[in-house]
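See below for the structure under consideration.
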Amino acid sequence: MHALLEKQGHIAIITLNRPEALNALSPEMICQLADHWKEVRDNPDIRVAVVTGAGPKSFCSGADLGQLIPLFNGSRTPQNEFEKRVVADNTLTGIGILRDFDTVKPVIAAVNGFAIAGGCELLQGTDIRVASDKARFGVQEVKWAIFPGGGSTVRLPQQIPYCRAMELLITGDLLSAQEAYEIGLINKVVAPEKVMDAAMEYAVKIARNGPIAVQAIRRSARECLGHPEKEAMAMESKFSGPVFRTEDAVEGPRAFMEKREPVFKGR
């Protein structure tokens, strides 16, 4: 398996599992990631996901230039079921790297090493990001005369200052973890051995909160982005109103008044 999924309570942990290839995106990995993200979205028991890379060197080094890219440009024909599936369904790559897919649930990135090209684009699709102090970030497609089509030209200028986004996009240079933190691309920098612990700390906190409220807040924040304030406020009201009519919204204040932990059921 090039991408693994395990569950710990209400938390899904997705691991890119090609450490020998710096967790480069193979056709098999793309297919499995797409399936895992759909499981995160569709399984009501999952409230938050953590995505990481296997091994100490890389979160994800981008598309496998020997396996995936030649399929896209037609320089080689599909040889196995995963390659045939990727060629037959051109939506899978966008789902796998969270370009064209909404998980509905929050996703936390635990970046243990390189997050480059498609790996950095996968990162941009997540909501909270923890990185090793050894991690490096960049969209280097321009160095190989290809386009960072996983959403970077749209998301990076939204997520970090415009001039820094353009610097990354058209030079292909890499950022250190500290630089990525300073410009707001990631939330926290920790020692390599503490990356998963820090990511899981976020995940546990989120999983304890009301899941309907979490999902509505996330959707509002994402969909209202870029709209004029008056229009965005009206949109927010559409997201917030239904939350107050849930069973969880009754349970939360009641638990507070009774000085106990709330028991949220997601309804």
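The values are calculated or read from the model by the stated rules, or taken from the named source; none is laboratory data. Every value quoted in this text rests on a predicted model; they were computed, and no experiment measured them. Here the Cβ is made from the backbone with ideal geometry for all residues, glycine too, and neighbour counts use every protein chain on show.
One table, with the values for the structure above:
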{"quantity": "Selection status of F101, touching a residue at least 40 places away in the same chain (Cβ under 8 Å), part of a strand (DSSP E or B) and over 18 Å from N17 (Cβ atoms)", "calculated": "no"}
{"quantity": "Those residues of the stretch 50-71 which are touching a residue at least 12 places away in the same chain (Cβ under 8 Å) and not in a loop (DSSP other than H, G, I, E, B), in sequence order", "calculated": "V50, V51, T52, G53, S58, F59, C60, A63, L68, I69, L71"}
{"quantity": "In the stretch 235-267, residue modelled with the lowest pLDDT [restricted to those that are surrounded by fewer than 11 Cβ atoms within 10 Å (Cβ to Cβ) and closer than 30 Å to D100 by Cβ]", "calculated": "R267"}
{"quantity": "Qualifying positions in the stretch 174-201 - more than 18 Å from I13 (Cα to Cα) and either of a type in the set (A, V, I, L, M) or modelled with pLDDT under 95 (or both)", "calculated": "L174, L175, A177, A180, I183, L185, I186, V189, V190, A191"}
{"quantity": "Options A198, A180, A213: the member that is in contact with a Lys or Arg (Cβ under 7 Å, 6 or more places away or on another chain), small (G, A, S) and crowded, with 17+ Cβ neighbours inside 10 Å", "calculated": "A198"}
{"quantity": "Hits in the stretch 106-127 - residues which are assigned to a loop (DSSP other than H, G, I, E, B) and surrounded by 24 or more Cβ atoms within 10 Å (Cβ to Cβ)", "calculated": "N112, G113, A117"}
{"quantity": "Any hit, the stretch 82-97, residues being modelled with pLDDT of 90 or more, assigned to a loop (DSSP other than H, G, I, E, B), crowded, with 17+ Cβ neighbours inside 10 Å and out of contact with any Pro (no Cβ under 9 Å at 6 or more places or on another chain)", "calculated": "yes"}
